[in-house]
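Down below is the structure, laid out as structure tokens.
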Amino acid sequence: MGPDGGKVVAAKVGEGHDRRSMSEKSPPIVAIDGPAASGKSTVARRVASALGVVFVSSGGMYRAFTWWVLEKNVDPAANAAVVELLGATSFDCGDDCGVGTITVDGQMLAPEAISAERVNRNVSIIAAIPEVRSRLVAEQRAYGQSNGLVMEGRDIGSVVFPDTPYKFYIDASPEVREQRRRAEGITDSIAERDKADSSRAASPLVVPEDAVVVDSSDLTVEEVVDSVLAAIAEQRDQV
């Protein structure tokens, strides 16, 4: 058993699963959670491609709104002002070649905008505001009502889609995650980010109940992807 009772997938899983048979069934909603730099985004993107469904980064949605808060010169720590701006902001979720998109008040943001250092420093503050999480969770659920998708984040299996049978928690050691973060040119502290994500009152980072836990510390991306796809195939045979 993994942390919080999650089921641990073996380090290496063979490629015996049939991806074609999975695509013949109704598109699934796959929830992939995990801490920063665990590799969940890369894995989720590849799993979505293999299944032929849309990849959605919930973190990108929080980053987009964080960027909007900063653009509007609102102090991220001023909850009332952030919530006021939230109420006046429109979001529109879409799909661009299999990747989920979000516009904020009609503006489509470039990846470099939402990955900027100022966004990195403030996204945990914004994401911890209950009203922000409630609004964006509603947007994420609405997206999932009409689409098969693979969504990655920190509360997808625990809060956004708790009823999906396809839940995964991708983890890695703090040392490995720190190395990955530095390789990406990101200088924020993994320890501080973990503390902020796991201790917030609204939708803290947890291992979802019944999630399959995959430790990616010593695995290649393809090995993790194959582990996830094999578990999905097995679960779909039972549904």
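Read-outs: derived from the displayed coordinates by stated rules, not from any lab. Everything quoted here is computed from the prediction, not taken from an experiment. So basically every Cβ, Gly included, is an ideal-geometry build from the backbone, and we count neighbours across all protein chains shown.
Lysine pairs, Cα distance under 30 Å, 8 or more residues apart or cross-chain: how many in the chain?
Counting lysine pairs in the chain gives 14.
Where nothing but the Cβ of Lys and Arg (+1) and of Asp and Glu (-1) is charged, how large is the charge dipole of the chain around its Cα centre, in debye to the nearest 20?
Dipole about the Cα centre, nearest 20: 140 debye.
Of the residues MET151, MET61, MET108, which exhibits the maximal mean-square fluctuation in a Gaussian network model of the chain defined by a 10 Å Cα contact cut-off?
Highest fluctuation of the listed residues: MET108.
Output the relative contact order of segment 58-147, whole-number percent, from Cα pairs under 8 angstrom with separation of 6+ residues.
34 percent
Quick one: net charge of ARG135's neighbours, Cβ under 14 Å, K/R +1, D/E -1?
Local charge sum for ARG135: -4.
Based on DSSP loop calls and a cut-off of at most 14 other Cβ atoms within 10 Å, the longest stretch of the chain free of exposed trypsin sites (Lys or Arg not before Pro) is what?
Answer from the scan: 73-239.
So what is the relative contact order of the chain, in percent, for Cα pairs below 8 Å that sit 6 or more residues apart?
38 percent
Rounded to the nearest 10 degrees, what's the angle between the helix 40-51 long axis and the longest principal axis of the chain, both from Cα atoms, 0 to 90?
The angle comes out near 50 degrees.
What ratio of Cα Rg to 2.2 N^0.38 Å holds for segment 58-147?
1.02
Using a cut-off of 11 Å between beta-carbons, work out the net charge of the residues near LEU109 (Lys and Arg +1, Asp and Glu -1, LEU109 not included).
So the surrounding residues net to -2.
Run the simple label-point estimate for ASP92 and THR220 please: 7 Å along Cα→C-beta, distance reported in nm.
4.2 nm
How do PHE55, PHE65, PHE168 line up, fewest other C-beta atoms within 10 Å first?
Fewest to most other Cβ atoms nearby, the residues stand as PHE55, PHE65, PHE168.
If I fit a long axis through the Cα atoms of helix 58-71 and take the longest principal axis of the Cα atoms of the chain, what angle between them do I get, 0 to 90°, rounded to 10?
With both axes taken from Cα atoms, the answer is about 10 degrees.
From largest to smallest, what semi-axes in whole angstrom does the chain give when each is the square root of 5 times an eigenvalue of its alpha carbon gyration tensor?
Gyration-tensor ellipsoid for the chain: 29, 20, 16 Å.
GLU184 versus GLN107, label points 7 Å from Cα toward the beta carbon: distance in nm?
The two pseudo-label positions are separated by 2.3 nm.
Quick one: angle between helix 174-183 and the longest Cα principal axis of the chain, in degrees between 0 and 90, rounded to 10, please.
It works out to around 60 degrees.
At 0.36 nm per residue, minus the direct Cα-Cα distance, what do ALA81 and ASN147 gain on full extension? Give it in nm, one decimal, please.
20.4 nm
Using C-alpha positions alone, give me the convex hull volume of segment 116-239 per residue in cubic angstrom.
With only Cα atoms used, segment 116-239 gives 125 Å³ per residue.
Net charge around LYS72, counting only other residues with Cβ within less than 12 Å of its Cβ (Lys, Arg = +1; Asp, Glu = -1)?
Around LYS72, the charge tally is -4.
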